[in-house]
Amino acid sequence: RYQIHTGLQHSIIRPTQPNCLPLDNVTLPQKLKEVGYSTHMVGKWHLGFYRRECMPTQRGFDTFFGSLLGSGDYYTHFKCDSPGICGYDLYENDNAAWDQDNGIYSTQMYTQKVQQILASHSPRKPLFLYIAYQAVHSPLQAPGKYFEHYRSINNINRRRYAAMLACLDEAINNVTLALKKYGYYENSVIIYSSDNGGQPMAGGSNWPLRGSKGTYWEGGIRAVGFVHSPLLKNKGSVCKELVHITDWFPTLITLAEGQIDEDIQLDGYDIWETISEGRRSPRVDILHNIDPIYTKAKNGSWAAGYGIWNTAIQSAIRVNHWKLLTGNPGYSDWVPPQAFSNAGPNRWHNERVSWSAGKTVWLFNITADPYERVDLSARYPDVVKQLLQRLSQFNKTAVPVRYPPKDPRSNPKLNGGVWGPWFKEDEKKKKSDKSKGGNKQKKNKNKKKAN
């Protein structure tokens, strides 16, 4: 499902927010369990954990080893959300994994866990293994030996990033070797995907694409991926069709011979034939997002959107070759890989974009101009109107944004120094007991004090 259909269309889930992927959203591992798959998750969750029902083991995974938050230290698994709000974040299933923590760099630690899972499972039984490596997210950390090849890179962040990626490459190789060693490989499908564009200030590079992580420019949303499998009909080919992350859900359930309920409103398509046989994608458009909360564009208006759409709102949509952006699109420079030296941004390399100051609508032909250098919105007003209309249709189906304020009970100090579920079920009961009134209430008050 698109973000607008989960309520998670604004920003990310913060560690202190009582928020998670809504419990009525059925997950991929839940559907695969229905057809006899063992499901295991290793790595980064980041779909919320404020209550027990949000945890990976409650959302379809038989086992979970990894972190609940979006980032943290690669060795200590410690994360501060703000000064004084700090905690430990390494889990085995539903508990802090203190005894599993041997100070090993997380990329290597997660790979060892994956090798153990593959060694202890039978390759004759279906297996779904979701590995969400922490690398290459900030903080930029890597074991020393991986720096040796990258001494020539002057930018220290870029050098660290390269070392992290070398370690990640080795991890992917080790997972593949384990699939071969334990007899899974011939009947496996390996999908590798990034989740968003790079952050140039933290070693990443999207060059020659425009913009960075957190924006709707191609540099922020066009991710790299590959599918590797002996089961592919056309091997070694490049797929240039429209493919979106929402497509994995129906594609993999269908591939595993699972059932997709007809009444679930999905935004994804089964793209297996597109990938395996080079057929056309069933997808003609992608809603990149509509974020009604993000900082509004000062010059945006209904008039600028032809009365169809308020262009102050941050949004982006792709239909066939066309891409439309509205509102405040975020950091919009083209940044060459070495542009950031140790001293900070080198302005000589950095193409500042001043002409966009008053603009709130952009139109690009992404097939002809993937670098988003030629804005066509003035030349093709009819196309702009069509895409605004499509945005407006999508927006009618959007659910309200879920972005609750911080909950002070989330502080790890109140939870043994660990980030973890803090919302307790008995608080609901207290509320219902209150309505029953009388002596019960007094008893409960005493109990509460005792607790």
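The slack in the chain from Lys240 to Lys396, taken as 0.36 nm per residue of separation less the alpha-carbon distance, amounts to 53.2 nm. Computed over region 84-241, relative contact order equals 17 percent, with contacts defined as Cα pairs under 8 Å that lie 6+ residues apart. Computed packing ranks the peptides 52-62, 399-409 as 52-62, 399-409, most packed first, by mean other Cβ atoms within 10 Å. Computed over region 104-184, the percent of Cα pairs more than 17 Å apart is 50. The largest accessible area among Ser194, Ser106 belongs to the first residue in Ser194, Ser106, and the rest follow in falling order (1.4 Å probe, all chains). Treating only the Cα positions of region 1-49 as identical point scatterers, give the base-10 log of I(q)/I(0) from the Debye formula at each q in 0.23, 0.27 Å⁻¹. Calculated log10 I(q)/I(0) at the listed q: -0.99, -1.13. With a ≥ b ≥ c the root eigenvalues of the C-alpha gyration tensor of region 61-214, is it rounded (a/c under 1.5), prolate (a/b larger than b/c) or oblate? Oblate is the answer for region 61-214, as a/c is 1.5 or above yet b/c matches or exceeds a/b.
Relative contact order, percent, of region 1-79 when contacts are C-alpha pairs under 8 Å separated by at least 6 residues? Worked out over region 1-79, it gives 28 percent.
Within region 124-265, the proportion of Cα pairs with more than 27 Å between them is 36 percent. Apolar share of the accessible surface for the chain: 52 percent from carbon plus sulfur atoms, 1.4 Å probe. Among the cysteines of the chain, Cys167, Cys239 have no other cysteine beta carbon within less than 4.7 Å of their own. In this structure the amide hydrogen of Val418, modeled in the peptide plane, comes within under 5 Å of the amide hydrogens of Tyr88, none closer than 5 places in sequence on its chain. Would you work out if region 1-134 is rounded, prolate or oblate? Take a ≥ b ≥ c from the square roots of the eigenvalues of the alpha-carbon gyration tensor; rounded if a/c is under 1.5, else prolate when a/b is larger than b/c, oblate otherwise. Taking the square roots of the gyration eigenvalues as a ≥ b ≥ c, region 1-134 is oblate.
Counting charges near Leu90 (Lys, Arg +1; Asp, Glu -1) among other residues having Cβ under 14 Å from its Cβ returns a value of -3.
Placing +1 on the Cβ of every Lys and Arg and -1 on the Cβ of every Asp and Glu, with nothing else charged, gives the chain a dipole about its Cα centre of roughly 1780 debye. Reducing region 97-114 and region 28-43 to their Cα centroids gives an inter-centroid distance of 22 Å.
Computed from the C-beta positions of Asn154 and His10 and an R0 of 30 Å, the FRET efficiency is 0.20 to the nearest 0.05. By the Cα gyration tensor, the chain has an equivalent ellipsoid whose semi-axes, rounded to whole angstrom, run 36, 30, 26 from largest to smallest. In terms of the Cα gyration tensor, with a ≥ b ≥ c the square roots of its eigenvalues, is region 238-295 rounded because a/c is under 1.5, prolate because a/b exceeds b/c, or oblate? It is oblate, given that a/c is not under 1.5 and a/b is not larger than b/c. In the context of the full set of protein chains, the chain has a per residue accessible area of 52 Å² (1.4 Å probe).
The values are calculated or read from the model by the stated rules, or taken from the named source; none is laboratory data. This structure is a prediction, so every number in the text was calculated from the model and none was measured. Positions of Cβ are generated from backbone atoms using ideal geometry, with glycine treated the same way; all protein chains shown enter the neighbour counts. We work out accessible area using only protein heavy atoms, side chains counted, and drop any ligands, DNA or RNA first. Shrake-Rupley method; radii C 1.70, N 1.55, O 1.52, S 1.80 Å.
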